[in-house]
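Asks: One structure coming up, written as structure tokens, with questions to follow.
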Amino acid sequence: MKEHLSGDQVLEWMMGLRDAECEAHLRGCPECVEAIGKVAAPLRLFGAAVMELGSEVRTRKRAENRRRSWRLAYWPAALLAATLLIFAVLPLQRGQRQAGHGVTDAAVAVSDEVLLQHVESELSESVPGSMEPLARLMTNETGRTR
Amino acid sequence: METVLQPEALPAIDELADFDAVVRCYQRAIYGFVLASLRDRDAAETLTQDCFLKAYRSRRNFRGEASVKTWLMRIAVNLVRDHASSERLKFWRRARRPDVDVTAVSARIADGQRSPEAVAVVKERIGAVWSAAAGLSHKQRTVLLLRFVEDMNILEIAAATGMKEGTVKVHLFRALQRVRARIEGVK
């Protein structure tokens, strides 16, 4: 084969349709090798670039797994922290509630005492003379029922 | 460090016995193919998972007539085709697609050449093929990706796509014509 490879033959070569005659010609023809290289080189680079992009699926997945494992690692710690917080806050709240209750109870006791004293003083007050027999009767009644 | 198995290191049909290894081995290729076909990262991840799920469910039907890679590619090609046809009317999605920029990885694959000029040349070349591929028909793009990304031969592409050998040749030839025209236009 003395003539150079045609444009179609260059493409056929790249498609993998190679015959012995072309092969022999290419061995001694740098021009045709260059013609093939002009198309083959960008395609080779393109193939490598796509494969490089293909590797990102693994990188992305690995990053995702790492994030997930971090999240998993954080869970027990977060749970522990939440439990500790609950145990720390509950007694405080209970104490406050109890302290609150204590104040209220004391206030109630004081007011009860005041009321009782008031009632006793009213009861011990002398009644008008006309009502004295009734008052004595009431005292006797009360004493009998008790 | 994660071990990535090489397909050649695994025996033919027994490959499916360890499905985790199959996923590790071909995930990158399947994802790359789907991503380059659809240019949509989310869809590519979903379809890659779907592909392996389908393969796992039908693994007992695999007779080993084709290689595992060809078999997986066939599933992926069908998933991409179905997805592309269902998305045809969703313009908003289509508008969203160019979120994948294949030229962004140019610096990483510049064959060890670190100069900005070398990276720019690589980026330009990759960009030319990328934009040419975007303008191809679905079938042309599929065969182009299988040939030049997955390094499959005509027979393997025919097996993966369900097309006849002659049809694959025609689509691949036309795809290459468009790519060459684009590359020459860039220069």
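The values are calculated or read from the model by the stated rules, or taken from the named source; none is laboratory data. This structure is a prediction, so every number in the text was calculated from the model and none was measured. When we count neighbours, we look across all protein chains shown, and the Cβ atoms used for this are built from the backbone with ideal geometry, even at glycine. Accessible surface areas use protein heavy atoms only, side chains included; no ligands, DNA or RNA. Shrake-Rupley method; radii C 1.70, N 1.55, O 1.52, S 1.80 Å.
Asks: What is the distance, in nm, between label points placed 7 Å from the Cα along the Cα-to-Cβ direction at A:ASP19 and at A:GLU31?
Replies: Using points 7 Å along Cα→Cβ, the separation is 2.1 nm.
Asks: Moving to a separate point now. Taking the simple approach of a point 7 Å from Cα along Cα-to-Cβ for both B:ALA118 and A:GLN96, what is their distance in nm?
Replies: 7.0 nm
Asks: Take peptides B:73-86, A:30-43 and line them up by average Cβ neighbours within 10 Å, highest first, as a rough protection proxy. Intermediate values should be presented prior to the final figure.
Replies: Working: B:73-86: 18.4, A:30-43: 16.3.
The packing order, highest mean first, is B:73-86, A:30-43.
Asks: If you don't mind, another one. Spin-label point model (7 Å from Cα, Cβ direction): what's the A:SER111 to B:PHE19 distance in nm?
Replies: It works out to 7.5 nm between the two label points.
Asks: Right, something else. Tell me, which residues of the range A:1-20 get at least 50 Å² less accessible area when the other protein chains come in, versus the chain alone (1.4 Å probe)?
Replies: A:LEU11, A:MET15
Asks: Set the Förster distance to 45 Å, then compute FRET efficiency between B:GLN49 and A:VAL89 from the Cβ-Cβ distance, nearest 0.05.
Replies: Working: r = 45 Å, r/R0 = 1.00.
Efficiency for this residue pair is about 0.50.
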